[in-house]
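See below for the structure under consideration.
The values are calculated or read from the model by the stated rules, or taken from the named source; none is laboratory data. This structure is a prediction, so every number in the text was calculated from the model and none was measured. Cβ coordinates were reconstructed from backbone atoms using ideal geometry, including for glycine residues, and neighbour counts include every protein chain displayed.
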């Protein structure tokens, strides 16, 4: 019976390792926001299941009390702002604001804090070649002598309304997401600089080592229990002869 909570603990640590490893892999990704994990008790899930008509057994209620991985959350803290001197680099000044770009595969508007823009055939695009949008959701043309910076849309969104998407972008979780367009982007970003990743490599490495150690401890505990059961079975077999 003890193997179940140990196995569940291993799953928690594997999930932690996945999240932390992804954070470390993006330590140099412009505008990247690290993720964290939170644990909740199994009883929370049991109560939710009961409301949905599931009838748990007494064994479920007694055994399944260990913490389970509850959710992932996004750390909204600003990353370091680094000057680049590039006129097409932009860093947002507020932690809850985003640029708008169009995902050319789906046609949907997605959001990013990566302001390393480029000039692609006279159109302002992000680092993945996708068009940066104005408040009217239109691509922004870069013409000599034109103040294209004023056309760059900036929107304010609560991170609770966002989920991570491919290419270091975010997308709204649903149609009810609170997305507030900012009509005048003056003061909302700094030109010639970029926001670096907010991943702390030192604390992330410490957390990764801790997750690996916890995983190994659970593995060793399961192995020890299996060995004790094997010895017990052998002794019972010997005494029954």
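When we screen 118, 100 for residues that are assigned by TED's automatic domain parsing to the domain that holds residue 187, at pLDDT 95 or above and surrounded by 17 or more Cβ atoms within 10 Å (Cβ to Cβ), the only hit is 100.
Scanning the stretch 172-186 for residues that are over 23 Å from the mean Cα position of the chain (by Cα) and part of a loop (DSSP other than H, G, I, E, B) yields a total of 4.
For every residue, the table says whether it meets (1) loosely packed, with under 15 Cβ neighbours inside 10 Å; (2) without any contact (Cβ under 8 Å) to a residue 40 or more places away in the chain; (3) out of contact with any helix residue (DSSP H, G or I) (no Cβ under 9 Å at 6 or more places or on another chain).
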site	(1), (2), (3)
134	no, yes, no
139	no, yes, yes
152	no, no, yes
155	no, no, yes
162	no, no, yes
168	no, no, yes
171	no, no, yes
175	yes, yes, yes
196	no, no, yes
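When the stretch 77-90 is filtered for residues that are within 20 Å of the chain's Cα centre (by Cα) and surrounded by 14 or more Cβ atoms within 10 Å (Cβ to Cβ), the ones remaining, listed by number, are 78, 79.
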